[in-house]
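The values are calculated or read from the model by the stated rules, or taken from the named source; none is laboratory data. None of the values given here were measured: they were computed from a predicted structure. With ideal geometry, Cβ positions are generated from the backbone for all residues, glycine too; neighbour counts draw on all protein chains shown. Just the protein is used for accessible areas: all its heavy atoms, side chains included, with ligands, DNA and RNA removed. Shrake-Rupley method; radii C 1.70, N 1.55, O 1.52, S 1.80 Å.
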Amino acid sequence: MIQIAIILGSTRPGRRVEDVARWVAEAAGRHPAVKAGETGLELVDIADYERPLLDEPAPAVIGAYQKAHTKRWAATTDRFDGFVFVTPEYNGAIPAALKNAIDYLYAEWNDKAPPANAKKPP
Ligand SMILES: Cc1cc2nc3c(=O)[nH]c(=O)nc-3n(C[C@H](O)[C@H](O)[C@H](O)COP(=O)(O)O)c2cc1C
């Protein structure tokens, strides 16, 4: 089963992103693959994963996470095959909290669902 995370990309008190993310989940829930139970959807709230500004000594691409908050966030994202980011625009960019959440990880974001024509490993 393919699992898709719908990521809430802002942490502001009174944020609108919750309503928008729920709308996205409702709309995506009408997709035939979701209705057939082939694809699952889950809301993932970056606000549920408290972490300071990036405080890992090694770049995420190395994958040598030291901090408990990084490991917890990595375990969540690694469960998913794809991501939908629901994000506002803050001063022409994504919110700093979302950028920080993304920058903590590397492998967990990449090479998730193989393309349909990908060769299966022997
Ligand atoms: C710090 C800040 C910066 C913003 N910058 C922009 C912007 O550059 N462009 C824009 O269209 N809206 C901007 N907005 C409006 C937000 O997109 C809008 O308030 C949205 O609801 C914010 O999402 P949130 O409610 O989930 O925090 C900004 C809002 C805030 C709080």
| task | Assign one of three labels to segment 18-122, namely rounded, prolate or oblate, based on the Cα gyration tensor with a ≥ b ≥ c the square roots of its eigenvalues; rounded applies when a/c is under 1.5, prolate when it is not and a/b is larger than b/c, and oblate otherwise. | result | oblate
| note | Ranked by GNM mean-square fluctuation in the chain (Cα springs under 10 Å), the top entry among Pro88, Pro32, Pro59 is Pro32
| List the aspartates and glutamates whose alpha-carbon lies under 14 Å from that of Lys35, not counting same-chain residues fewer than 8 positions away? | Glu26
| message | Could you compute the longest span of the chain free of GluC sites (Glu not before Pro) located in DSSP loops and having at most 13 other Cβ atoms within 10 Å, not counting the site residues? | response | 51-88
| field | Whichever aspartates and glutamates have a C-alpha closer than 17 Å to that of Lys67, once near sequence neighbours (fewer than 8 apart) are set aside | value | Asp48, Glu50, Asp55, Glu56, Asp78, Asp103, Glu108
| request: Compute the signed sum of charges (Lys and Arg +1, Asp and Glu -1) over the other residues within less than 15 Å, Cβ to Cβ, of Asp55. | output: +2
| remark: Note, Pro88: beta-carbon cut-off 10 Å, +1 each Lys/Arg, -1 each Asp/Glu, net +2
| note | Residue span Leu43 to Asp103: 0.36 nm per residue of separation minus Cα-Cα distance leaves a gain in nm of 19.6 nm
| query | Taking θ as phi - 60°, what are the ³J(HN,Hα) couplings along segment 70-76 by the Karplus curve (6.51, -1.76, 1.60), each to the nearest whole Hz, with x for Gly and Pro? | reply | 5, 4, 5, 5, 5, 5, 5
| message | Where in the chain is the longest stretch that carries no trypsin sites (Lys or Arg not before Pro) classed as loop by DSSP and with at most 13 other Cβ atoms within 10 Å? | response | 31-78
| Arg16 paired with His31, simple spin-label distance in nm, labels 7 Å along Cα-to-beta-carbon | 2.4
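Count charges around Tyr104 for me, please; just the other residues with Cβ under 13 Å from its Cβ, Lys/Arg as +1, Asp/Glu as -1. Spell out each step's value before the answer.
Details: positive: Arg51, Lys67, Lys71, Arg72, Lys99; negative: Glu50, Asp55, Glu56, Asp78, Asp103, Glu108.
That works out to -1.
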| Solvent-accessible surface (1.4 angstrom probe) belonging to Val20, in square angstrom, nearest 10 | 70
